[in-house]
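What follows is a single structure, written as structure tokens, with notes after it.
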There are 2 protein chains.
Amino acid sequence: MTIVDSADELGRRDRKKLETRAALEHAALTLVAERGLAGVTVEDIAEAVDVSSRTFFNYFPAKEDALVGSGSASATDLREKLEAVPARVPVLEALRLMSRAEAERVQEQREQWLLRLKVFEQNPSLFPRLVASGTETERVVMTAVARRAGVEPGTSGYPELATAAAMAAFRVAMMRWGAAGGRPVLANLVDDAFSQLAAGLPNP
Amino acid sequence: MTIVDSADELGRRDRKKLETRAALEHAALTLVAERGLAGVTVEDIAEAVDVSSRTFFNYFPAKEDALVGSGSASATDLREKLEAVPARVPVLEALRLMSRAEAERVQEQREQWLLRLKVFEQNPSLFPRLVASGTETERVVMTAVARRAGVEPGTSGYPELATAAAMAAFRVAMMRWGAAGGRPVLANLVDDAFSQLAAGLPNP
DNA sequence: TGAAATCTTGCAGATCCTGAAATTTCACCT
DNA sequence: AGGTGAAATTTCAGGATCTGCAAGATTTCA
């Protein structure tokens with residue numbers, strides 16, 4: 001006679017794991033926002049969540065990874081979004097639609113993302129990590145792009161370039177969104193960036 | 001009666017510094033190429049150059065920075081290259097010319113760059129660092145792009161996007177170049193990537 | 001030559017991160 | 001209920017990274 005285990009067909013165990021992970025991410029973000037990256041140790045973060053610091057490393061390979069967190073879309077997630085677009089749609093347009101879908105996910109976690117962006121702004125040394133976390137993602141998306149475009153990866157450079165450009169467009173949209181306090185509709189900023197790309201980046 | 005101090009009007013002191021830095025970079029690259037990133041400690045690198053490990057940290061803030069080294073173009077260097085292009089040239093074209101100039105610099109240090117690319121390929125965790133080192137550079141170039149385009153940074157997103165796309169184009173060209181063993185002419189690959197960008201990344 | 005600036009070095013120490021073993025928690029089955 | 005095995009957490013030990021600090025060596029310059 002247990003209370004209905006709402007949370008999406010997950011046992012107590014997995015639910016706790018997600019909880020712990022989320023708590024660690026949140027603690028890391030708020031603490032670093034207050035004291036700066038160097039002013040926060042892994043032990044501080046772990047203590048705030050009341051787990052051992054060793055446990056922290058069971059969840060994240062490095063301190064900074066808790067700040068990037070699972071915020072960066074998982075590779076497979078993005079790939080699915082891309083593959084959901086009909087094959088007749090041109091590559092760049094498909095990447096735009098994928099990015100829009102991702103943008104909605106970000107808007108859903110508005111507060112968390114604004115905090116994250118603020119932390120990144122205040123600790124520029126973190127910015128690389130954000131891109132870092134995108135590396136694996138970029139590889140997966142790039143492969144999907146190559147298939148869609150019907151070319152082999154590593155020959156024409158087209159899949160690599162299109163993917164990298166799309167990621168850059170999304171990143172720029174995110175930065176504008178964060179800089180504007182999350183006021184604009186992110187999807188519009190994404191469209192904006194992709195329009196410029198599709199037009200060949202002519203002088204404004 | 002000293003041998004002509006060739007090296008560009010530098011005293012013995014500064015010459016030694018440059019030597020030490022170059023030696024550390026070279027030792028780091030070759031050692032990591034042999035044993036992998038985790039298989040090499042800072043002490044190993046320092047010993048190979050016969051300095052103390054403390055000295056290593058006087059030159060580089062972190063182990064990985066010795067691998068990126070000064071290889072990544074200095075920000076001001078790139079900005080100068082960009083500003084050397086007449087103002088009437090469109091932004092994207094100016095970025096292409098800047099990249100071509102940089103490409104020549106890379107070709108001049110062919111062996112070092114091929115080794116670097118190989119190390120990056122074998123240690124993907126380093127890739128972020130490379131981008132990292134580009135962050136500051138990107139900011140400087142972006143500012144110059146904004147002035148050239150006659151827009152304020154942080155409003156239209158154009159300077160940010162154009163710069164990010166150009167960097168991506170250069171990066172993709174570099175990867176293709178490295179993957180092909182440094183055989184193609186890098187400048188041609190750069191032109192290739194920029195052509196695709198300027199055309200709006202149409203399906204190939 | 002002698003003072004000033006700079007570089008190197010050893011040392012102490014905080015923090016990061018990992019492996020292994022002990023302990024606890026949880027899911028599942030009878 | 002109670003027992004069992006898998007998974008998560010913790011404790012512990014230890015190597016590696018990186019930072020101040022102060023002493024010693026080297027270079028520069030007057």
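The values are calculated or read from the model by the stated rules, or taken from the named source; none is laboratory data. Just so it is clear, the structure is predicted and the values come from calculations on it, not from any experiment. Cβ atoms come from the backbone with ideal geometry, glycine included; neighbour counts cover every protein chain shown.
So the values come out like this:
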item: The lone exception for A:L97 - which of (1) crowded, with 20+ Cβ neighbours inside 10 Å; (2) closer than 22 Å to A:S133 by Cα; (3) more than 15 Å from DNA strand D (Cβ to nearest atom) it fails; result: (1)
item: Subset of the stretch A:30-59 (residues that are assigned to a loop (DSSP other than H, G, I, E, B) and either more than 11 Å from DNA strand D (Cβ to nearest atom) or modelled with pLDDT under 95 (or both)); result: A:G36, A:V40, A:T41
item: Candidate set from the stretch A:64-90 (those that are closer than 21 Å to A:L115 by Cβ and more than 10 Å from DNA strand C (Cβ to nearest atom)); member that is nearest to the other protein chains (Cβ to nearest Cβ); result: A:V68
item: Residues being surrounded by fewer than 19 Cβ atoms within 10 Å (Cβ to Cβ) and without any contact (Cβ under 8 Å) to a residue 12 or more places away in the chain - total across the stretch A:186-204; result: 7
item: Check on B:P61, more than 16 Å from DNA strand C (Cβ to nearest atom), surrounded by fewer than 16 Cβ atoms within 10 Å (Cβ to Cβ) and over 26 Å from B:R176 (Cβ atoms); result: no
item: Inter-residue pairs, beta-carbon under 6 Å, first away from chain B (no Cβ under 14 Å) and in the stretch A:42-63, second in a loop (DSSP other than H, G, I, E, B) and within 9 Å of DNA strand C (Cβ to nearest atom), 6+ apart; result: A:V42/A:K63
item: For A:A187: the one exception among (1) under 18 Å from the mean Cα position of the chain (by Cα); (2) facing chain B (nearest Cβ under 9 Å); result: (2)
item: Residue within the stretch A:148-157 that is out of contact with any helix residue (DSSP H, G or I) (no Cβ under 9 Å at 6 or more places or on another chain) and among the small types (G, A, S) present; result: yes
item: Leading residue by the ranking (nearest to the other protein chains (Cβ to nearest Cβ)) among those in the stretch B:175-184 that are farther than 16 Å from A:A162 by Cβ and hydrophobic (A, V, I, L, M, F, W, C); result: B:A179
item: The one condition in (1) crowded, with 19+ Cβ neighbours inside 10 Å; (2) in contact (Cβ under 8 Å) with a residue 60 or more places away in the chain; (3) basic (K, R) that B:R176 fails to fulfil; result: (2)
item: Subset of the stretch A:64-81 that is away from DNA strand D (no atom under 16 Å from the Cβ) and among the hydroxyl-bearing types (S, T, Y) - its residue that is surrounded by the most Cβ atoms within 10 Å (Cβ to Cβ); result: A:S72
item: Qualifying helices (runs of 4 or more DSSP H) (wholly inside the stretch B:120-204; at least 1 residues being modelled with pLDDT under 95); result: B:127-149, B:158-179
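Residues checked against (1) touching a Phe, Trp or Tyr at 6+ places or on another chain (Cβ under 9 Å); (2) facing chain A (nearest Cβ under 8 Å); (3) more than 24 Å from A:G178 (Cβ to Cβ):
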{"position": "B:Q122", "(1), (2), (3)": "no, no, yes"}
{"position": "B:L126", "(1), (2), (3)": "yes, no, yes"}
{"position": "B:T137", "(1), (2), (3)": "no, no, no"}
{"position": "B:E152", "(1), (2), (3)": "no, no, no"}
{"position": "B:G157", "(1), (2), (3)": "no, yes, no"}
{"position": "B:A173", "(1), (2), (3)": "yes, yes, yes"}
